[in-house]
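Just so you know, all these numbers are worked out from the coordinates, no wet-lab data involved. The model shown is predicted, which means the values in this text are computed figures rather than measured ones. Using ideal geometry, Cβ is built from the backbone for each residue, glycine included, and neighbour counts are taken over all protein chains shown.
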Amino acid sequence: MDHHDPGYGTTARVLHWVIAVAVLAMIPAGLIMVRDGLDRGLQDVLFIFHKNLGSILILVVALRVAWRITHPAPPLPGDLPAWQRRAARGSHVALYVLMVVLPLSGYVRVRAGGFPIEGLDALGLPALVGRSKPLAEAASTLHALAAFTLIAVLALHLGAALHHALIRRDGVWGRMWPPRAPGPRT
């Protein structure tokens with residue numbers, strides 16, 4: 001790795017890891033909350049958690065997208081094969097698209113279904129979508145398809161990150177990982 005390349009800046013790293021932790025919490029909550037036979041109390045808690053964290057994620061993802069547009073990614077290693085460069089670009093575009101589609105489709109599904117989003121309701125924010133069973137069903141289908149696609153793309157993203165960290169050892173992992181404090185190397 002070129003140790004003069006600082007990788008992503010602090011803002012990009014913080015936004016990345018906040019979103020990563022939130023998404024990694026949302027996935028199991030979303031998968032569990034829709035299971036048949038689940039305890040109603042647990043199901044309610046998971047739905048409330050999922051809806052409200054999703055509402056927060058809309059804003060955080062918007063910040064992340066805006067930051068990414070105005071702050072380009074550091075270059076990939078020069079010896080990375082062209083197909084891996086294309087795969088990296090494609091997977092990042094897919095991640096951004098999915099991170100926008102998921103919370104928006106979730107919002108539409110909930111609001112068109114006539115359900116509350118407790119945090120937004122407490123702030124007095126009006127629903128931006130009216131009740132509509134067909135719209136709720138379409139948004140639900142899109143949300144589910146996007147969720148499973150996100151799981152697959154995240155698996156590829158994590159696999160590629162681990163490949164760079166453990167096999168190539170080319171510094172790509174360190175570009176997004178929190179930087180080590182300066183000091184003597186031991």
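In this label model, L38 and L59 are separated by 2.5 nm, measuring between points 7 Å along each Cα→Cβ vector. Long hydrophobic helices in the chain: the complete DSSP H runs spanning 24 Å or more by Cα along their own axis with mean Kyte-Doolittle hydropathy of at least 0.5 are 10-33, 40-70, 133-162. All C-alpha to C-alpha distances of the chain, sorted into 10 Å bins beginning at zero, yield P(r) values of 8, 31, 31, 18, 10, 2, 0 percent in whole numbers. According to the square roots a ≥ b ≥ c of the eigenvalues of the Cα gyration tensor, what is the shape class of region 30-139, taking rounded for a/c under 1.5, prolate for a/b larger than b/c otherwise, and oblate for the remainder? Since a/c reaches 1.5 and a/b is larger than b/c, the shape of region 30-139 is classed as prolate. Rounded, prolate or oblate for region 98-186? Axes are the square roots of the Cα gyration tensor eigenvalues, ordered a ≥ b ≥ c, and the cut-off for rounded is a/c under 1.5. Cα axes put region 98-186 in the oblate bin. With an a/c value of 1.5 or above and a/b larger than b/c for the gyration tensor axes a ≥ b ≥ c computed over the alpha-carbon atoms, region 5-75 is described as prolate. For the chain, the relative contact order comes to 27 percent (Cα pairs under 8 Å, sequence separation of at least 6).
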